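Everything below concerns the one structure shown next.
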Amino acid sequence: MRLIFSTFLIGTVFLNAFGASAYAMEDTPSKQQEVANVAHRGASAHAPENTMAAFEKAVDMKAGYIEIDVQMTEDEELVVIHDITVNRTTDGRGFVGDLSLEEIQALDAGSWFGKEFANEQIPTFEEVIDAYRGKIGILIELKSPELYPGIEEKVADVLIERNMQHPQNEKIIIQSFNHESMQVSKELLPNVPHGVLAGMTWDGVTEEQLANFATYADYFNPNLNIVTDELVTSVHEEGMEIYPYTVRAQKEADKLINLGVDGIITDYPEYVYKHPVNN
Ligand code: G3P
Ligand code: CA
C-alpha cells in the first residue's frame with residue numbers, strides 16, 4: 001500500500017512538473033479504482049456554465065458526468081441554470097421563476113463568457129436529458145427547490161416518461177442542498193441514486209447525521225474544504241459515496257484523491273484521473 005502510494009506521489013509530481021494531461025495515467029494497471037470525473041455545470045472552465053457548449057466540452061474531455069442545476073420557470077417548465085436570477089449568466093434580468101420559458105429562451109447565455117458562445121441558450125431539462133442520456137452520466141441538482149413547489153414531481157415525470165426510473169446503463173444521480181427535497185424525490189424515484197449536498201456548515205457532521213442521510217441517500221457530497229480522512233471513512237461506513245465540490249486546482253484534486261473520495265466535481269475535468277490509492 002505504502003509502495004503504491006509513493007509511486008503515485010512520484011507520478012503526480014512528474015505529471016505536474018511537465019504539465020501532462022490527467023488522462024496520461026489512463027493506461028496504468030487495471031487494478032486502479034477510477035475516481036468519477038464530474039464536470040461541474042459542464043466543463044465550465046472552458047465554456048459557459050450549464051449550456052450545451054459546456055456539456056459538449058465535458059463529453060469531448062471524457063468526463064464521466066455532467067453536473068446540471070435545475071430550476072422552474074413561471075410557466076412551470078424545467079430549465080438548467082445555476083443562479084435564481086438570469087442576471088449573471090445572460091443578457092437579461094429577473095428571477096428564473098418570474099420568467100416564461102419563451103422569455104428565458106430568448107436570452108443570450110453565452111456572450112458573458114466569450115463572444116464565440118453568443119448563440120448559447122439556457123437549455124431545458126428535457127433537452128439535456130435527451131441529448132446526453134446514455135452518452136455521459138448526469139448529476140442532477142435540484143437548485144433551491146423550496147422556490148418551486150412540485151419540482152420533484154416534474155423531474156420524476158421527465159425521467160419516468162423516458163423509462164429512466166430504473167437506471168441501468170444510464171448514470172443518473174439526483175442531489176440537492178435541500179435534504180427534505182431529496183427525501184421527497186427518493187420516494188418518487190426509489191431506484192434512482194440520490195445525494196445530499198453539504199456546505200461548510202456541515203463541518204463536523206456526526207455519525208448519527210450521516211446514518212440518517214444514508215436512509216435515503218447514496219451520496220454525501222460536501223464542500224471540498226470540510227473533507228477529511230475521517231469523513232471519507234465515515235461516509236463509506238454508512239454505505240454512501242462521497243463526491244466533493246468544487247475543484248478548481250490540480251492540488252485540490254490530488255489532495256482529495258489521496259483522501260480516497262469516490263468522485264470529484266470540478267470545473268476542470270482535466271484535473272481528475274485514475275488513482276491507485278484505494279487498491
Ligand atoms: O454539485 C455540487 C455543486 O454544484 C454545488 O454548488 O453552487 O455550484 O451548485 P453549486
Ligand atoms: Ca450545482
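A few comments on the model shown:
- Most fluctuating residue given options Phe95, Phe125, Phe177, as computed from a GNM of the chain linking Cα atoms under 10 Å: Phe95
- Treating r as the C-beta distance of Glu230 and Lys154 and R0 as 35 Å, the FRET efficiency rounds to 0.40.
- Modelled FRET efficiency - R0 51 Å, Glu180 with Glu116, Cβ distances, 0.05 increments: 0.80
- Cβ charges +1 (Lys, Arg) and -1 (Asp, Glu), total dipole of the chain, debye: 1220 debye
- Simple spin-label estimate for Asn223 and Thr85 in nanometres, 7 Å along Cα-Cβ: 2.3 nm
- Backbone geometry of the range 126-137 corresponds, through the Karplus equation with coefficients 6.51, -1.76 and 1.60 at θ = phi - 60°, to 3J(HN,Hα) couplings of 5, 4, 5, 4, 5, 6, 10, 4, x, 9, 7, x Hz, x marking Gly and Pro.
- What the pair-distance distribution of the chain shows, using all Cα-Cα distances binned every 10 Å from zero, is 7, 29, 35, 22, 7, 1 percent.
- Helix 2-18 axis versus longest C-alpha principal axis of the chain: approximately 60°, rounded to the nearest ten.
- Gaussian network model of the chain, Cα within-10 Å springs - most flexible of Gly114, Gly64, Gly42: Gly114
- Cα centre as origin, Lys/Arg/Asp/Glu Cβ charges: the range 65-168 dipole, Debye: 440 debye
- The chain: calculated mean residue ellipticity at 222 nm from DSSP helix runs of at least 4, using -39500 (n - 2.57): -9000 deg cm²/dmol
- For the pair Lys62 and Glu34, the difference between a 0.36 nm per residue extended length and the Cα-Cα distance amounts to 8.8 nm.
- Counting only DSSP beta bridges whose two residues both lie in the chain, roughly 20 percent are antiparallel.
- Between Glu146 and Phe95, the distance separating the two model label sites (each 7 Å from Cα on the Cα→Cβ line) works out to 1.3 nm.
- The charge dipole of the range 33-88, taken about its Cα centre with unit charges on the Cβ of Lys, Arg, Asp and Glu (plus for the first two, minus for the last two), comes to roughly 380 debye.
- J(HN,Hα) series, the range 86-91, from Karplus relation 6.51 cos²θ - 1.76 cosθ + 1.60, nearest Hz, glycine and proline x: 8, 4, 6, 10, 9, 8
- A Gaussian network model of the chain, with springs between Cα atoms under 10 Å, assigns the largest mean-square fluctuation among Met200, Met52, Met182 to Met200.
- Relative to the longest principal axis of the Cα atoms of the chain, helix 179-188 runs at roughly 80 degrees.
- Fraction of beta bridges assigned by DSSP in the range 48-180 that are antiparallel (%, nearest 5): 35 percent
- ³J(HN,Hα) computed for each position of the range 47-55 - Karplus, 6.51 cos²θ - 1.76 cosθ + 1.60, integer Hz, glycine/proline x: 7, x, 3, 6, 10, 4, 4, 5, 6
- Ranked Thr73, Thr51, Thr206, Thr233, criterion: other C-beta atoms within 10 Å, fewest first: Thr206, Thr233, Thr73, Thr51
All of the numbers you see were taken from the coordinates with simple rules; none came from a lab. Everything numeric in this text was worked out from a predicted model, so none of it was measured. Here Cβ is always computed from backbone atoms with ideal geometry, including for glycine, and neighbour counts include all displayed protein chains.
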